[in-house]
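The values are calculated or read from the model by the stated rules, or taken from the named source; none is laboratory data. Since this is a predicted model, take the numbers as computed values, not measurements. Quick reminder, even Gly has a Cβ in these numbers, built from the backbone with ideal geometry, and neighbours come from all protein chains shown. Note: areas computed on protein heavy atoms with side chains; ligands, DNA, RNA excluded. Shrake-Rupley method; radii C 1.70, N 1.55, O 1.52, S 1.80 Å.
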Amino acid sequence: QVQLVESGGGLVQAGGSLRLSCAASGSIFSINTMGWYRQAPGKQREKAATITSGGSPNYADSVKGRFTISRDNAKNTVTLQMNSLKPEDTAVYYCNAVVRTAPSIGSRDYWGQGTQVTVSS
């Protein structure tokens, strides 16, 4: 029904940068919040950054000043620019979108497949 496809993960040294991208497609009536969540080994999934349909971002304290989230509503894409990466940023990063697929129904979460980000020291 709705698919989220991610790209941009990889291996980078501490202090380096990566840019993650996610494109939503399928039966989309509207998209509310989009965001990026991450899950490190042995830990629960946590919010890294979200952005509203109007473009207002929200960041986890751990990434503030280093990550920038943006979106293109015309293309149904969301991007996470990650700078000054640290080893503790190592995780699988998942794209999330709150999507309404038809009028008169509620929105629900959709998730990408995840992309690995590994930061070496």
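Note on residue 75/residue 105: beta-carbon distance plugged into 1/(1 + (r/R0)^6) with R0 of 30 Å gives a FRET efficiency of 0.80. A simple charge model with +1 on the Cβ of Lys and Arg, -1 on the Cβ of Asp and Glu and nothing else charged puts the dipole of the chain at about 80 debye relative to its Cα centre. Working note: Karplus 6.51/-1.76/1.60 with θ = phi - 60° gives region 17-34 the couplings 10, 9, 10, 9, 10, 9, 10, 9, 8, x, 7, 10, 8, 7, 10, 8, 6, 10 Hz, where Gly and Pro are set to x. Length gained on full extension, residue 56 to residue 86, computed as 0.36 nm times the residue gap minus the Cα-Cα distance: 8.3 nm.
Of the trypsin sites (Lys or Arg not before Pro) in region 19-121, the ones in a loop by DSSP (not H, G, I, E or B) with at most 14 other beta carbons within 10 Å are 43, 64, 75.
Among the protein heavy atoms of the chain, carbon and sulfur supply 46% of the accessible surface, probe 1.4 Å, non-protein parts ignored. Of 60, 102, 74, the residue with the greatest mean-square motion in the GNM of the chain, using alpha carbon springs below 10 Å, is 74. For the chain, the solvent-accessible area of protein heavy atoms averages 51 Å² per residue (probe radius 1.4 Å; ligands and nucleic acids excluded). When nucleic acids and ligands are ignored and a 1.4 Å probe is applied, residue 11 ends up with an accessible area of around 130 Å². Taking every alpha-carbon pair under 8 Å whose residues sit at least 6 apart, the chain reaches a relative contact order of 36 percent.
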